[in-house]
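Note sheet for the following structure.
The values are calculated or read from the model by the stated rules, or taken from the named source; none is laboratory data. Worth saying up front: this structure is predicted, and the values here are computed from it rather than measured. So basically every Cβ, Gly included, is an ideal-geometry build from the backbone, and we count neighbours across all protein chains shown.
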C-alpha cells in the first residue's frame with residue numbers, strides 16, 4: 001500500500017475521531033449531571049419539594065449540568081458535525 | 001427574591017461549562033469549521049461578555065466589603081474586556097491577534113482578585129478553600145490562553161484553555177453556603193447549611 005493511501009486513511013480516521021469527540025461532548029456532560037444526581041440525590045430538590053423556596057426549586061446544580069449538555073447537544077453540536085463532515089468531504 | 005450567593009456561583013458555573021464545551025469543540029474541529037456558520041463564532045465571546053455584564057449586579061447586590069466590591073468589579077471589567085476583544089476580532093473590527101492577550105489578562109486579574117479578597121485560610125470552610133483553589137487555577141490556567149495567542153493552531157494549549165473553563169465550572173458548582181472541606185469547618189464559620 002502506498003504511503004499516500006496510508007496517510008489518507010490515517011487522516012480519515014483522525015477526522016472521524018474528531019466527529020466522535022464533538023458528538024460525545026453533550027451526552028458526556030449530561031451523563032456527568034446524572035451521575036452527580038445519583039451521588040448526591042439531596043441536590044435534586046424537586047424530589048422533596050415541600051417547604052422549599054423558589055431558588056432551591058429553580059436552580060439545582062445536577063440539573064444545570066444536564067441542561068448545559070442538552071443545550072450543547074441540541075443547539076451547537078449538530079451544526080458543528082455537519083460542517084465538519086462537509087469539510088472532510090471537500 | 002434575591003438568590004443566596006451559592007446559587008449565583010452555580011449559575012455562573014453553568015456559563016463557564018457552556019463556554020468550556022464550545023471552546024473544546026472549537027479546539028477539536030479547528031477555527032475554519034467552527035466559523036463556517038457566522039453565528040457560532042459569536043457564542044462563547046458573547047457568553048463571556050454577558051457574564052462580565054452580569055457581574056455588575058453581583059457586585060452591587062452580593063458584596064459586603066470594599067475588597068469584595070473591588071474584586072467583583074475587576075472581574076466584571078476583565079471579563080467584559082476579554083469578551084469584547086474576542087467579539088471585535090470575530091466581527092473583523094479588530095485585526096491584531098494580540099487583542100487575544102486580554103483573555104490571559106482576565107485570568108490573571110480574576111485569579112489575583114479572588115485570592116486577595118479571600119481573607120480566610122484554606123481550610124476555614126469549603127468556600128474559602130474553593131476561592132484559593134480557583135484563584136491559583138486561574139493564575140496557572142492563564143498560560144493556556146497566553147500560549148494559544150502565540151501558537152494559535154496548537155491544539156494542546158487550546159484544549160487546555162477549554163478544560164480550564166470546565167474545571168472552573170466544576171469548582172464553582174462545588175460551592176456551598178457554609179460547609180466543611182475535607183472534614184474541616186472552623187467554629188467561626190457558623191453552622192453548616194445543607
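A few points about this structure:
- When each of B:140, B:148, B:85, B:155 is tested for being under 18 Å from residue B:19 (Cα atoms) and surrounded by fewer than 20 Cβ atoms within 10 Å (Cβ to Cβ), the lone residue that passes is B:155.
- Check on residue B:102, more than 14 Å from every other protein chain (Cβ to nearest Cβ), assigned to a helix (DSSP H, G or I), without any contact (Cβ under 8 Å) to a residue 60 or more places away in the chain and within 24 Å of residue A:69 (Cα to Cα): no
- Taking the criterion of being crowded, with 18+ Cβ neighbours inside 10 Å and more than 7 Å from chain A (Cβ to nearest Cβ), the residues of the stretch B:1-12 that qualify are B:6, B:8, B:9, B:12.
- Against the criterion of being surrounded by 16 or more Cβ atoms within 10 Å (Cβ to Cβ) and either touching a strand residue (DSSP E or B) at 6+ places or on another chain (Cβ under 9 Å) or assigned to a helix (DSSP H, G or I) (or both), residue B:80 qualifies.
- Residues that are crowded, with 23+ Cβ neighbours inside 10 Å, in contact (Cβ under 8 Å) with a residue 24 or more places away in the chain and more than 13 Å from residue B:158 (Cβ to Cβ) within the stretch B:20-50 comprise B:21, B:48, listed in sequence order.
- Single residue of the stretch B:113-137 satisfying the filter (surrounded by fewer than 16 Cβ atoms within 10 Å (Cβ to Cβ) and assigned to a helix (DSSP H, G or I)) that is modelled with the highest pLDDT: B:136
- Taking the listed residues A:71, A:34, the one that is away from chain B (no Cβ under 11 Å) and surrounded by 12 or more Cβ atoms within 10 Å (Cβ to Cβ) is A:34, with no other qualifying.
- Selection status of residue B:15, assigned to a helix (DSSP H, G or I) and either at pLDDT below 95 or under 11 Å from the mean Cα position of the chain (by Cα) (or both): yes
- Of the residues making up the stretch A:45-61, those that are more than 13 Å from chain B (Cβ to nearest Cβ), closer than 19 Å to residue A:30 by Cβ and part of a loop (DSSP other than H, G, I, E, B) number 0.
- Within the stretch A:74-90, the residues that satisfy the criterion of being more than 10 Å from chain B (Cβ to nearest Cβ) and at pLDDT below 90 are A:89, A:90.
- The single residue among B:64, B:96 that is out of contact with any helix residue (DSSP H, G or I) (no Cβ under 9 Å at 6 or more places or on another chain) and away from chain A (no Cβ under 14 Å) turns out to be B:64.
- Flag if residue B:110 is surrounded by 19 or more Cβ atoms within 10 Å (Cβ to Cβ), in a helix (DSSP H, G or I) and at pLDDT below 90: no
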